[in-house]
Amino acid sequence: MAKNMKKYVAELLGTMILVFVGCGSAMALGCDSSGGHLAVAFAFGLSIVATAYVIGGISGCHINPAVSLAMLINKKLSLNDFIGYVVAQIIGAFVGAGLLKILVELGLDDLTESIGSNGVGDIGIFGALIVEIILTFIFIFTILGVTSDESKGGVAGIVIGLTLAFVHIVGIPLTGTSVNPARSIGPAVLSGSSDAIINVWIFIVAPLIGAAIAACVFNALKNSKEKK
């Protein structure tokens with residue numbers, strides 16, 4: 001039990017860091033300019049790089065319910081741990097968003113006006129669902145590939161972080177990029193924005209669908225390779 005708690009605490013702290021740094025950079029820099037757009041994308045990606053080398057050996061550094069779902073499907077995570085991970089990740093997201101909200105109350109000018117929450121923008125609900133499913137598929141597919149080969153363990157954190165950065169580069173102008181239900185839930189609820197709360201279901205459902213598809217496709221490709 002103590003070992004499990006260490007994993008859950010690691011997931012909580014990792015998700016808190018991701019939300020605080022990623023959403024915090026969006027709040028402080030904005031995402032409209034090309035400089036702000038790229039900086040925010042790399043803030044999310046570098047958060048993964050940093051945390052991967054700190055908590056990767058403890059919990060695997062999922063810090064994302066979509067990643068945990070893929071690992072559950074691939075039988076690399078038990079159902080009990082899946083539940084524990086997701087609860088810890090959501091709590092971590094609330095802590096990270098809560099710290100950002102305190103900074104806003106202390107005077108930080110939130111350029112997103114919603115603690116970095118996601119939105120559907122001009123592409124609408126259906127477009128946002130498609131974008132998030134595709135981007136999550138790419139992200140999770142990469143994670144499954146790089147973590148399946150133990151020889152790549154030393155560079156896995158860098159590869160995963162850079163992949164998160166590049167899906168953000170594509171997704172920020174469209175949805176703000178979620179690919180992570182916990183990252184979306186915390187800021188949406190604490191932002192007080194009715195639009196963010198109404199649309200948050202998109203950024204819960206779409207990443208989970210994308211993760212499930214990625215896990216199934218990866219397993220199918222891996223099994224076909226092993227049969228040859």
Filtered residues of the range 12-43 (kept if closer than 23 Å to residue 84 by Cα and either touching a Gly at 6+ places or on another chain (Cβ under 6 Å) or of a type outside the set (Gly, Ala, Ser) (or both)): 12, 13, 15, 16, 17, 18, 19, 20
Every residue from the range 95-114 that is over 11 Å from residue 25 (Cα atoms), among the hydrophobic types (A, V, I, L, M, F, W, C) and in contact with a helix residue (DSSP H, G or I) (Cβ under 6 Å, 6 or more places away or on another chain): 95, 97, 99
Scope the range 109-146; condition among the hydroxyl-bearing types (Ser, Thr, Tyr) and more than 17 Å from the chain's Cα centre (by Cα); matching residues: 112, 114
Residue 211 vs. criteria crowded, with 20+ Cβ neighbours inside 10 Å, under 29 Å from residue 58 (Cα atoms) and in contact with a helix residue (DSSP H, G or I) (Cβ under 8 Å, 6 or more places away or on another chain): yes
Flag if residue 145 is surrounded by 14 or more Cβ atoms within 10 Å (Cβ to Cβ), in a loop (DSSP other than H, G, I, E, B) and not acidic (Asp, Glu): no
Scan of the range 171-205 for residues that are at negative phi and touching a Ser or Thr at 6+ places or on another chain (Cβ under 7 Å), ordered by number: 171, 178, 182, 184, 187, 188, 191, 193, 196, 200, 203, 204
Qualifying residue in the range 191-207 (condition: closer than 14 Å to residue 23 by Cβ, of a type in the set (S, T, N, Q), outside any helix (DSSP H, G or I) and out of contact with any helix residue (DSSP H, G or I) (no Cβ under 8 Å at 6 or more places or on another chain)): yes
Flag for residue 158 being under 21 Å from residue 25 (Cα atoms), among the aliphatic types (A, V, I, L, M) and surrounded by fewer than 20 Cβ atoms within 10 Å (Cβ to Cβ): yes
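Residue-by-condition table, conditions (1) touching a residue at least 60 places away in the same chain (Cβ under 8 Å); (2) more than 18 Å from residue 6 (Cα to Cα):
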site	(1), (2)
19	yes, yes
27	yes, yes
45	yes, yes
53	yes, no
57	no, no
62	no, no
Test: residue in the range 132-139 that is of a type in the set (Val, Ile, Thr), assigned to a loop (DSSP other than H, G, I, E, B) and within 27 Å of residue 215 (Cα to Cα): no
Residue ID - nearest to the chain's Cα centre (by Cα), chosen from residues in the range 9-59 that are assigned to a loop (DSSP other than H, G, I, E, B) and farther than 17 Å from residue 179 by Cβ: 30
Residue match in the range 178-197 (condition: closer than 30 Å to residue 110 by Cα, among the hydroxyl-bearing types (Ser, Thr, Tyr), surrounded by fewer than 21 Cβ atoms within 10 Å (Cβ to Cβ) and in contact (Cβ under 8 Å) with a residue 60 or more places away in the chain): yes
Residue 51, sole failed condition from (1) surrounded by 20 or more Cβ atoms within 10 Å (Cβ to Cβ); (2) at pLDDT below 95: (2)
Count of the range 94-122 residues which are part of a helix (DSSP H, G or I) and either at pLDDT 95 or above or exposed (fewer than 13 other Cβ atoms within 10 Å of the Cβ) (or both): 13
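The values are calculated or read from the model by the stated rules, or taken from the named source; none is laboratory data. No experiment lies behind these values; they were computed from the predicted model shown. Here the Cβ is made from the backbone with ideal geometry for all residues, glycine too, and neighbour counts use every protein chain on show.
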